[in-house]
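Note sheet for the following structure.
Nothing in this text is a laboratory measurement; each read-out follows from the coordinates by a stated rule. Keep in mind that what you see is a predicted model, and the values were worked out from it rather than measured. FYI the Cβ positions are ideal-geometry reconstructions off the backbone, even for glycines, and counts take in every protein chain you see.
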Amino acid sequence: MSAGVANLIAVTEPTPVNPSLSEQEQVRHDKRARLLASGVAPYPIGVPRTHSAAQVHAHWGHLVAGEETTDVVSVSGRVVFVRNTGKLCFATLQDGFTAADSGIRLQVMLSLAEIGEERLEAWKAEVDLGDFVSVTGRVISSKRGELSVLATEWTLASKALRPLPTLHKELGEETRVRQRYADLVARPEARDMVRARAAVTRSIRETLHAEGYLEIETPVLQLVHGGAAARPFNTHLNAFDIDMTLRIALELFLKRAMVGGADRVYEIGRIFRNEGIDSSHSAEFTMLEAYQAWGDQVTIAEMTQRVIQNAADAALGTRVIQTEAGEINLDGEWEWKPVYPTLSATLGEEITPETPAERLRAIASAHEVPFDPTWPAQKLVMELFGEIVEPGLLQPTFVCDYPPIAQPLARQHRSDPDLIEAWDLIIGGVERATGFSELIDPVIQRERLVAQSLKAAAGDPEAMQLDEDFLAALEFGAPPMGGMGLGLDRLMMLLTGHGIRETILFPLLKPQS
């Protein structure tokens, strides 16, 4: 053993013990300090790399057990397995994951004969699980038939100061979502989720681009919140000394673009709602909204169906999804079910827009559906439908012909003044999207927004505010249009069968005490 390696391994002046560190973390900090003292950079700017692990597998995967080549490569990655035995050391490097693969692994071998005593002993002294390294050597197949790089040199690329999670043990959900970086290293399923979401987002853009939609961006900070019934996050703009909110929807600014002449627009954007967080709701989530001039609730529903079907093709390669509740076939019939007749059929009692609130409260009590005694009849109908009917709608269903209270921005139904032209898309018993024939009459829109603003003034935190600038835009003239909103996280939940915290890469969590 050389003097340099001996000095590196010897602990002549150990670094001070930090009581906040675990024993493993202290050992790693000590190694980092010794590397620096010996002139070795634990985080060099660059290291040799000629091939990814995937490229090595693609070019030399045909080698049979024991076959060797003279082809020299430099590979790099995170050490996820190591076995140091005398004159021969084995390690497994995990490469980064991309759109094409999910973190390919490659074995490297370090032998005394090939690499020499000094570098072999340095490997044993310096390298821990989780470290990033670069290894240069010949491509071979081991005696057991595992594709490997037989090292002639190696370089530390990045020293990990915290130990890896145990890769062969299941991480708990709380650990997965709080330490997603560790989850991505440990679980192929976590990496697959990231890749699937990227595939879905790309598919949505490709579908809409092919149909002539223009992607635009709208403000996240807004003076007036609107476009949905939701409680906003409030903030303050110091430069103007004015209160602002984070957007709760994309709708009102996209419609402004439609007024300006953009015939088909969409945005995939982050939405912020200061509401409950559970297995299907997040305070910060991703929404697709799209608007189509000269369309209505039917044409926008047809587009929504194509978006979802193409997303399933991109993420799963199939339109048939297996769930605990049964098989969902996205290639089957997408039914339209009107609210009042469907609720009537389920209850065995006719429910109409004239059914009094008193009777609806009695039905809610009989079915143990929670309600607020002050709710009007329309709100009670929606609650009854959502609690009694929706959970049983497994196949894709456009629930339509809602009471006006459901969507203040939807236009009156063309054949029934007691209804609006709006739908919610229910798949697997969960709302995935909503759409309607957009209200473009500025007089009626003002009446509805004034009614909303009165609710807000009375203390309703979810009521929309009166947006005079939006009303001015409508008064400028807007074409007839259909519009839709699709929750991207809800779509990922459908396609993957996981809760919302798994589909969002870095979900908002309550801080640990």
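Kindly count the pairs of lysines across segment 1-164 whose alpha carbons are less than 22 Å apart, treating pairs on different chains or eight or more residues apart as eligible. If you can, show how the numbers build up before the last one.
On the way: 31/124; 31/159; 87/124; 87/143; 124/159.
Final tally of qualifying lysine pairs is 5.
Using just its DSSP H runs of length 4 or more, each adding -39500 (n - 2.57), the chain gives a mean residue ellipticity at 222 nm of -10000 deg cm²/dmol after division by all residues.
Please identify every one of the trypsin sites (Lys or Arg not before Pro) in segment 397-471 that sits in a loop by DSSP and has no more than 12 other beta carbons within 10 Å of its own beta carbon.
On the way: sites: 411, 414, 432, 446, 448, 455; in loops: 411, 414.
Loop-located and lightly packed - 414.
Taking Cα pairs under 8 Å and at least six residues apart, what relative contact order does segment 1-164 come out at, in percent? Write down the numbers at each step before the final one.
On the way: 314 pairs, mean separation 44.1, N = 164.
For segment 1-164, the relative contact order is 27 percent.
Restricted to Cα atoms, the chain shows a radius of gyration and a Dmax of 29.8, 93 angstrom. Could you tell me how many degrees, from 0 to 90 and to the nearest 10, lie between the Cα long axis of helix 442-457 and the main elongation axis, the longest principal axis, of the Cα atoms of the chain? Result, in degrees: 70. Working from Cα pairs under 8 Å separated by at least six residues, relative contact order for segment 74-161 is 30 percent. Comparing segment 365-513 with the 2.2 N^0.38 Å rule of thumb, its C-alpha radius of gyration ratio is 1.21 (two decimals).
Report the relative contact order of the chain, percent, no decimals, based on alpha-carbon pairs under 8 angstrom and at least 6 residues apart.
Numbers: 943 pairs, mean separation 63.0, N = 513.
Relative contact order comes out at 12 percent.
How are the C-alpha pair distances of segment 1-164 spread across 5 Å bins, as whole percents from the shortest bin up? Calculated over all Cα pairs of segment 1-164, the distribution is 2, 9, 17, 21, 20, 14, 9, 6, 3, 1, 0 percent. Sorting the segments 296-302, 70-76, 240-246, 98-104 by their residues' average number of neighbouring beta-carbon atoms within 10 angstrom, most packed first, yields 296-302, 70-76, 98-104, 240-246.
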